[in-house]
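Coordinate-derived values only; no laboratory data. No experiment lies behind these values; they were computed from the predicted model shown. Ideal geometry is used to build each Cβ from the backbone, glycine not excepted, and the neighbour counts take in all protein chains shown.
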Amino acid sequence: MMQAAFYETTGPAHEVLKHGLMEIPRPAAGEVLVRVMASGINPADVKRRAGWRGMQMEHPRVIPHTDGAGAIVDVGEGVDRARIDERVWLWNAQGGYGEAGRAFGTAAEFIAIDAQQAVPLPDALSFEEGACLGVPAMTAYRALFSDGPIDGCTVFISGAAGAVGHFAVQMAVAAGATVFGSVSSEASASHAKSAGAHHLINRKRDDVAKWVLDLTGGQGVDRVIEVDFGDNLALDAAILKANGTVASYSSSSDPTPVLPYYAFAAKGANLRFIQGFRIPEAARLVGHRMIATLAANQRLAVAIGARFPLSEIAKAHQRVEAGGLGNVVVQLSPAPDPII
């Protein structure tokens, strides 16, 4: 048996999340069995558990969380047994929006998952850091590079201190871009600056559009990495350079925004919607290599904002809902070897 967190109906974290014993899964053909050491929590996990925008239960029981990290302890048919004991990070352990996906994610001591979804974890990163790569780091990678190289480009990162934003700043700087970013407090500014951002502005206090245009000689930026498309439509149109790209990965404040078409069309803008659960395989593999290279060169800092034991998973979800700097992870104590 293994320790696991789960829910059987959507709703508030403290009401629906439970903690108890479940059977240890067995790896099917093409799968690996991973002893999970850390489980990362993303806003998507919290929204799914809460029933955001009418989301329904897709399985009778769900073990939450898409991201995680641990070590392979067994493999299914067709998987090289040399992978046993390999340190790995996990992605898309539950599936994306609009699909049933998998019932059992990473908030458990063990998970059986497709071998391709268990990526070698760089030696420079801990399990907790590895548990923060699947959604935040890969979303940042896809948003930055989906339209080609950014060396010599100007990039504006909305919410530069957020989980995705913090990774995006580091990746953009490493790729040779000049990075502008918006933050909401002095603490956020310090956090984003530590990641390497060149220019930062407090979006709550200052005129962001004027600031960007002044710093770019009125031209605007080549890329906008957007955390809330619906809230920032006018700003993005104003600061975008002609033929530039807005890559948006969320629009939580307004899921059905009204698009100011001609404000973007006048600039020949490219609008790209980023879905971290839908990254094409070829691009995903390039992203994996970039993460490994940055980590090996000590150019990838993973910000852990809070840690919780599995027994306090409800508090961990509430921390994500409340916001705050850094990623939130659930720690799993080393489990005994499963009886295979």
For peptides 143-149, 18-24, sequence by mean Cβ density within 10 Å, most packed first: 143-149, 18-24
Antiparallel DSSP bridges in the chain: what percent, to the nearest 5? 55 percent
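Compute the orientation-averaged projected area for the chain from the convex hull of its Cα atoms and round it to one decimal in nm². All intermediate terms of the calculation are to be shown ahead of the outcome.
Numbers: hull surface 66.1 nm².
Computed as one quarter of the Cα hull surface, the answer is 16.5 nm².
In the chain, how many lysine pairs have Cα atoms under 18 Å apart, counting only pairs 8 or more places apart or on different chains? Write out the running numbers ahead of the final one.
Values: LYS18/LYS47; LYS18/LYS315; LYS47/LYS315; LYS193/LYS204; LYS210/LYS241; LYS210/LYS267; LYS241/LYS267.
Eligible lysine pairs with Cα atoms under 18 Å apart amount to 7.
Using the eigenvalues of the Cα gyration tensor, what equivalent ellipsoid semi-axes result for the stretch 211-340 when each is taken as the square root of five times the eigenvalue, whole Å, largest first?
Details: eigenvalues 270, 78, 49 Å².
Listed largest to smallest, the semi-axes of the stretch 211-340 are 37, 20, 16 Å.
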Consider all pairwise Cα distances in the stretch 83-208 and report the whole-number % of them above 23 Å. 43 percent
Along the positive direction of the dipole of the stretch 100-187 (beta-carbon charges: Lys, Arg +1; Asp, Glu -1; about the Cα centre), which of ALA115, ALA143, GLY162 reaches farthest? ALA143
Just the projected area, averaged over all directions, of the convex hull on the alpha carbon atoms of the stretch 137-277: how many nm²? 7.6 nm²
Describe numerically, in nm with one decimal, the distance between label points set 7 Å from Cα along Cα→Cβ at ASP151 and at GLN219. 1.8 nm
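Given only helices, namely DSSP H runs of n ≥ 4 each adding -39500 (n - 2.57), what is the per-residue ellipticity at 222 nm of the chain, to the nearest 500 deg cm²/dmol? Each step should come with its number before you reach the end.
On the way: 11 runs with 91 residues, N = 340.
For the chain, the value works out to -7500 deg cm²/dmol.
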Once label points are set 7 Å from the Cα along Cα→Cβ at both ARG272 and ARG289, what is their separation, rounded to one decimal in nm? 1.8 nm
